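The values are calculated or read from the model by the stated rules, or taken from the named source; none is laboratory data. Note that the structure is a prediction, hence the values are computed from the model and not measured. Virtual Cβ from ideal backbone geometry, glycine too; neighbours counted across all protein chains shown. To get the accessible areas, we keep the full protein, side chains included, count just its heavy atoms, and leave off ligands, DNA and RNA. Shrake-Rupley method; radii C 1.70, N 1.55, O 1.52, S 1.80 Å.
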Amino acid sequence: FPVTIGSHWVQHFERKSYFFPALKTVYDKDTSVLNSFFTAMACVELQKVGDRAWRAFTGRSDLTNEQLAERVNQFIIDNTIGRFDGRFVIEPETYFTEADIARGYSWSTRIKIYAPNMKTVMTLSLEARRIEDLAE
């Protein structure tokens, strides 16, 4: 089959069955975890979790910066724990930049995702020997 960047195709698995060799994204760095469709979809969901955290905490004036950071982080943990089939490690980090502190009304949150690299290539070698070599 001809391969085009960003396309998915099926290949014969057996005579009457097919398979997708891999679900890859269009991300152009082959060594990146962002090549995996599943990692990319987890990132989309993490963006949504981050948006929900902002909606849950925007307008709060009853928390210190430390309390806000702790609760935003815990909100993200609570909304990601047990998700994604255990494929990823997710670490939220809420902090206050100098600009956040100067403004007094903003905060920053970074969600880190640690993902395994998707395996897509196998190198196969075949070695043929005489049966007599087996006894040695």
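Is it the case that V44 is among the aliphatic types (A, V, I, L, M) and open to solvent by 40 Å² or more (accessible area, probe 1.4 Å)?
It is true that V44 is among the aliphatic types (A, V, I, L, M) and open to solvent by 40 Å² or more (accessible area, probe 1.4 Å).
Taking the conditions exactly as written (out of contact with any helix residue (DSSP H, G or I) (no Cβ under 7 Å at 6 or more places or on another chain) and farther than 20 Å from E93 by Cα), does T31 satisfy them or not?
It is true that T31 is out of contact with any helix residue (DSSP H, G or I) (no Cβ under 7 Å at 6 or more places or on another chain) and farther than 20 Å from E93 by Cα.
Is it the case, given these coordinates, that T120 is in contact (Cβ under 8 Å) with a residue 60 or more places away in the chain and closer than 30 Å to Q47 by Cα?
Answer is yes for this residue.
Inside segment 75-115, can you point out the residues that are of a type in the set (A, V, I, L, M) and open to solvent by 60 Å² or more (accessible area, probe 1.4 Å)?
Hits for segment 75-115 are I77, I81, V89, I101, A102.
Output the residues belonging to segment 84-111 that are part of a loop (DSSP other than H, G, I, E, B) and in contact with a strand residue (DSSP E or B) (Cβ under 8 Å, 6 or more places away or on another chain).
Once the filter is applied, which keeps residues that are part of a loop (DSSP other than H, G, I, E, B) and in contact with a strand residue (DSSP E or B) (Cβ under 8 Å, 6 or more places away or on another chain), segment 84-111 yields F88, F96, T97, W107.
List the residue pairs whose Cβ atoms are under 9 Å apart, where the first residue sits in segment 74-100 and is among the charged types (D, E, K, R), the second is open to solvent by 80 Å² or more (accessible area, probe 1.4 Å) and not in a helix (DSSP H, G or I), and the two are 6 or more positions apart or on different chains.
Listed pairs, sorted by first residue: E91/R110; E91/Y114; E93/R110.
Would you check if there is a residue in segment 14-23 being loosely packed, with under 10 Cβ neighbours inside 10 Å, modelled with pLDDT under 95 and part of a loop (DSSP other than H, G, I, E, B)?
yes
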